[in-house]
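Worksheet: the structure to be examined is printed underneath.
The values are calculated or read from the model by the stated rules, or taken from the named source; none is laboratory data. Computed from a predicted model, the values in this text were never measured in an experiment. Here the Cβ positions follow ideal geometry from the backbone for every residue, glycine too, while neighbour counts run over all protein chains shown. Each accessible area value is taken on the protein alone, full model and side chains, heavy atoms only, with ligands, DNA and RNA left out. Shrake-Rupley method; radii C 1.70, N 1.55, O 1.52, S 1.80 Å.
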Amino acid sequence: MTEQKPVTETTAKAVPVLPDAQTITEVKHYTDSLFSFRVTRPASLRFRSGEFVMIGLMGDPDPKTGKQRPLLRAYSIASPSWDEEMEFYSIKVQDGPLTSKLQHVKVGNQIILKPKPVGTLVHDALLPGKRLYFFSTGTGFAPFASLLREPQTYEDYDEIIMTHTCREVDELTYGRDLIEGLKTDELLNEVIGEGFWKKIKYYPTTTREESPKMGRITTLIENGELFSDLDIPAIDPATDRAMVCGSLAFNLDIKELMEKAGLKEGANSEPGEFVIEKAFVG
Ligand code: A2P
């Protein structure tokens, strides 16, 4: 007969606080309604820059049963595929079921992160081209924060046009800082070559607060100002590709403009000339 080992010590140690728990390593608040945070990355998680995962927290206990269920939402991964941690960029909605709580996370806290990345804002879903447009509003900048730090973006394209439209100037800070940071990113400068960031044309606009460039990007495409300001030709399906991330209304309006310019929508299963994904909203 074999001797039975006591199990108390090992079982007590192995109980995780949350299922699929990851630990917060950094939190930055930008405005009353925007913040970003970084978390540890599951060792086995592989993803393509531009994809999203489900993240969240445990919900409040059910008043009858006392049971807690995970409260999860789809969040674009804002960090590139090579980063050892994961970054997310989020809105804060004061009565939002998840973000009303998530906005209070601190370094050392845990969140739930389901390690199943998916999404269409990936290089694989686009046919080869020369110029790549990233069109975003609000927190729709997040997947592009990943793709702007992805070496393949610069290997595959001669020029990247990054547009970001927000209501107010402060809401542009996360994107502006990220683009500024690329200039001194040692890994990218080494892998892609010094000055790779000169391939990026950054085009921030605001709609409700005075700034150097005002207006919805859809209007600036239609009236041609985007092209004249950047000294580039109008969108051409022979050379241009686009990725789009914003509100549903924004995505639909850009889709119409892309199709009017002759671009066809792509997917993972059938690469095309532009791809769309809705930004997380609440
Ligand atoms: P606007 O201030 O004119 O509504 P929101 O916070 O509502 O998602 O908007 C974020 C930014 O995206 C705002 O600058 C907003 O402009 C702009 N926006 C919202 N909807 C559209 C759309 N359908 N087409 C173009 N821009 C849009």
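Just a few scattered comments:
- One residue from Val275, Val244, Val191 being within 16 Å of the ligand (Cβ to nearest atom) and either among the β-branched types (Val, Ile, Thr) or in contact with a His (Cβ under 8 Å, 6 or more places away or on another chain) (or both): Val244
- Residue list for segment 115-173, filter: under 16 Å from the mean Cα position of the chain (by Cα), β-branched (Val, Ile, Thr) and within 15 Å of the ligand (Cβ to nearest atom): Thr137, Thr139, Thr163, Thr165, Thr173
- Per-region count, segment 227-251, residues of a type outside the set (D, E, K, R), open to solvent by less than 20 Å² (accessible area, probe 1.4 Å) and closer than 27 Å to Glu51 by Cβ: 6
- Subset of segment 208-226 [closer than 22 Å to Lys130 by Cα and open to solvent by 70 Å² or more (accessible area, probe 1.4 Å)]: Glu222
- Cross-chain or 6+ apart pairs with Cβ under 7 Å, segment 86-113 first and of a type in the set (Gly, Ala, Ser), then open to solvent by 10 Å² or more (accessible area, probe 1.4 Å): Ser90/Thr139; Gly96/Gly282; Ser100/Val93; Ser100/Gln94; Gly108/Thr23
- Considering segment 208-234, the residues that are away from the ligand (no atom under 16 Å from the Cβ) and among the aliphatic types (A, V, I, L, M) include one that is nearest to Glu265 (Cα to Cα), namely Ala234.
- Members of segment 131-156 that are open to solvent by 10 Å² or more (accessible area, probe 1.4 Å) and either over 22 Å from Thr31 (Cβ atoms) or touching a Pro at 6+ places or on another chain (Cβ under 7 Å) (or both): Arg131, Arg149, Glu150, Pro151, Gln152, Glu155, Asp156
- Any hit, segment 47-59, residues being out of contact with any strand residue (DSSP E or B) (no Cβ under 8 Å at 6 or more places or on another chain), within 30 Å of Glu150 (Cα to Cα), modelled with pLDDT of 95 or more and open to solvent by 90 Å² or more (accessible area, probe 1.4 Å): no
- Some residue of segment 96-115 being surrounded by fewer than 15 Cβ atoms within 10 Å (Cβ to Cβ), assigned to a loop (DSSP other than H, G, I, E, B) and at pLDDT below 95: no
- The residue pairs whose first member lies in segment 167-183 and is under 13 Å from Lys28 (Cβ atoms), whose second member is small (Gly, Ala, Ser), and whose beta carbons are closer than 7 Å, counting only pairs six or more residues apart or on different chains, are Tyr174/Ser36; Leu178/Ala145.
- Conditions (1) buried (at least 22 other Cβ atoms within 10 Å of the Cβ); (2) assigned to a loop (DSSP other than H, G, I, E, B); number of the one not met by Pro128: (1)
- Given (1) near the ligand (Cβ under 10 Å from one of its atoms); (2) under 15 Å from Met162 (Cα atoms); (3) surrounded by fewer than 18 Cβ atoms within 10 Å (Cβ to Cβ), index of the condition Thr205 fails: (3)
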